[in-house]
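Just below is one structure, and these are the notes that go with it.
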Amino acid sequence: MLTVNRYKCCYCGACVGVCPTCALELVETWLEVSADCRECGICTKICPVGALEVKA
Amino acid sequence: MSMMCDVIVVGAGPGGSMAARTAAAAGLKVVMLETRQEIGDPVRCAEGVGKRALCQMVKPEPEWIAAEVKGAKIYSPDGTCIVMSEDKGGAEVGYVLERKVFDRGLAMEAARAGAKVMVKTRALGLLRKDGVPVGVSAMRIGEPLQIEAPLIIGADGVESKVGRWAGIDTTLKLKDIESCAQFLASDPSVDDQYCEFFLGNSIAPAGYVWSFPKGEKLANVGLGIMGTKSKPGEATRLLKQFMKSRFPNGKVLEMVVGGDPCSGPIESATADGVMLVGDAARQTDPFTGGGILTAMQAGIIAGDVAAKALQAGNVRREGLKEYEDRWREEIGVHLARSFEFKEFFVKLTDKDLNQLLGSLKREDMTKMDLRAMLRVLFRLNPKLLWELKHLVV
């Protein structure tokens, strides 16, 4: 499961731009993850602050 | 609630505002949506911009500009410094903007030209009739809103959705985006006169570190690294490391992060009833990461073409061809060239970078523009730069 550490997230939207399934949406300061997420982990790599993690 | 207009602009950054201003000035009924409650904040930008190019498009208000610089200093990994003057080489520098004020100023110009600006209004999807986009469904301060319009300009940034809704795949591969972090820092050793660029694979792999002065020993100190070299939190970790070595007493007043597209020109920035502008169309310079001016240029073209296409009664993709042609000619050619430089640059080792910048030590760079500098670099390092031969001549 993709988890968002909201204490770390700086809501820059870089993750949204790389998501291959369009599963992420930035609502101002709130990053939403939809059911389309395939847990590929690409977004975790690009995150400048390390707010995203795919947890088993 | 529902409303109708001629053009919906999604996103009130510099690209969106210029599109809205141009379209409104041409007499169109324009609605510009901004998902945030405050235009321009939080910033995701190093704020450097070429002076001449900016002034060709707008008359900058003094409060938009945080600092004016003399040029750029480029540091190789071994510390060799090359100085370029603003009027020649520094097309990317000149002014360091205050984006929070600048973005709001441009939105104000759009509003004064007649565009309706709606903040805290998020586009949720395209309205369609017989498969063709006829507007946008949105959420305005938590309430649903439907806006009907034959034409939609997507200026919705790196996280662009408008393009993907319209069937344009703008998903960025990790090699086509830089992961960036920046501190607004106050430090006595900030160079107030020059934008500084620091190269090196240990400080910013397949990217660079910048220090853009904002006056009185304040600077945007940041870095970008290629997505393929990134791992969770890496950009911030590297920035802290750089701060420790270069600005150990730096006082951090603001933190900025973001993703900067560096894919080069995308295949298509238009679909039936839709034009993409700025970061949404990946119109950032892949080599420098600069995207303010290109977004503004594209915005102006899109606003202009919007008026023509509506008058001609054809907003299908073929009716928007003029936008596609003009942005490619005015911006795309440069972006493609810049993309090739980037693809080459990211492969260079620190030894290569030292050799290249070291070879310029005895040259007088103050009278050279970027093209002339490349010619000199090629003359002095033909073997290393052989791959770029076709771009130099």
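The values are calculated or read from the model by the stated rules, or taken from the named source; none is laboratory data. None of these values were measured; they are calculated from a predicted model. Positions of Cβ are backbone-derived with ideal geometry, glycine not excepted, and every protein chain shown enters the neighbour counts.
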- Determine which member of the set B:Ala312, B:Ala269, B:Ala302 is more than 14 Å from chain A (Cβ to nearest Cβ) and within 13 Å of B:Leu335 (Cβ to Cβ). B:Ala269
- Note on the structure: Considering residues that are of a type in the set (D, E, K, R) and either within 17 Å of B:Thr35 (Cα to Cα) or within 10 Å of chain B (Cβ to nearest Cβ) (or both), the number found within the stretch A:24-38 is 3
- Message: Any residue at all in the stretch B:374-387 that's under 28 Å from B:Asp176 (Cβ atoms), at pLDDT below 85, buried (at least 16 other Cβ atoms within 10 Å of the Cβ) and within 27 Å of the chain's Cα centre (by Cα)?
- Response: yes
- Task: Go through the stretch B:82-167 and tell me which strands (runs of 3 or more DSSP E), entirely inside it, have 1 or more residues that are over 23 Å from the mean Cα position of the chain (by Cα) and more than 14 Å from chain A (Cβ to nearest Cβ).
- Result: B:116-118, B:121-129, B:132-140, B:143-148, B:151-154
- Message: Exactly one condition in (1) within 27 Å of the chain's Cα centre (by Cα); (2) outside the structural domain of B:Pro286 (by TED's automatic domain parsing); (3) surrounded by fewer than 16 Cβ atoms within 10 Å (Cβ to Cβ); (4) modelled with pLDDT of 95 or more is false for B:Leu353; which is it?
- Response: (3)
- Within the stretch B:233-244, is even one residue part of a helix (DSSP H, G or I), at negative phi, surrounded by 16 or more Cβ atoms within 10 Å (Cβ to Cβ) and over 23 Å from the mean Cα position of the chain (by Cα)? yes
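Among the listed residues B:Ile331, B:Ile300, which satisfies the condition of being within 30 Å of B:Leu356 (Cα to Cα), part of a helix (DSSP H, G or I) and assigned by TED's automatic domain parsing to the domain that holds B:Met18?
B:Ile331
Yes/no per residue for (1) more than 10 Å from every other protein chain (Cβ to nearest Cβ); (2) polar (S, T, N, Q); (3) surrounded by 21 or more Cβ atoms within 10 Å (Cβ to Cβ):
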{"residue": "A:Thr3", "(1), (2), (3)": "yes, yes, no"}
{"residue": "A:Cys22", "(1), (2), (3)": "no, no, no"}
{"residue": "A:Cys40", "(1), (2), (3)": "yes, no, no"}
{"residue": "A:Cys47", "(1), (2), (3)": "no, no, yes"}
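Yes/no per residue for (1) within 20 Å of the chain's Cα centre (by Cα); (2) farther than 21 Å from B:Gly290 by Cβ; (3) not in a helix (DSSP H, G or I):
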site	(1), (2), (3)
B:Ser17	yes, no, no
B:Leu28	no, yes, yes
B:Val31	no, yes, yes
B:Val49	yes, no, yes
B:Arg52	yes, no, no
B:Cys55	yes, no, no
B:Pro60	yes, no, yes
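Out of the stretch B:197-212, which residues are of a type in the set (Gly, Ala, Ser) and more than 20 Å from the chain's Cα centre (by Cα)?
The first filter runs over the stretch B:197-212 and keeps only residues of a type in the set (Gly, Ala, Ser), leaving B:200, B:202, B:204, B:206-207, B:211.
If the condition is that a residue be of a type in the set (Gly, Ala, Ser) and more than 20 Å from the chain's Cα centre (by Cα), then B:Gly200, B:Ser202 are the ones that fit.
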- Task: Kindly indicate whether B:Pro213 is more than 11 Å from chain A (Cβ to nearest Cβ) and modelled with pLDDT under 95.
- Result: no
- Query: Just one of the numbered conditions (1) part of a helix (DSSP H, G or I); (2) more than 30 Å from B:Arg140 (Cα to Cα); (3) touching a residue at least 60 places away in the same chain (Cβ under 8 Å) is not true of B:Ala23; which one?
  - Reply: (2)
- Message: I need the full set of residues from the stretch B:41-71 which are buried (at least 22 other Cβ atoms within 10 Å of the Cβ), touching a Lys or Arg at 6+ places or on another chain (Cβ under 6 Å) and within 14 Å of chain A (Cβ to nearest Cβ), in order please.
- Response: B:Cys45
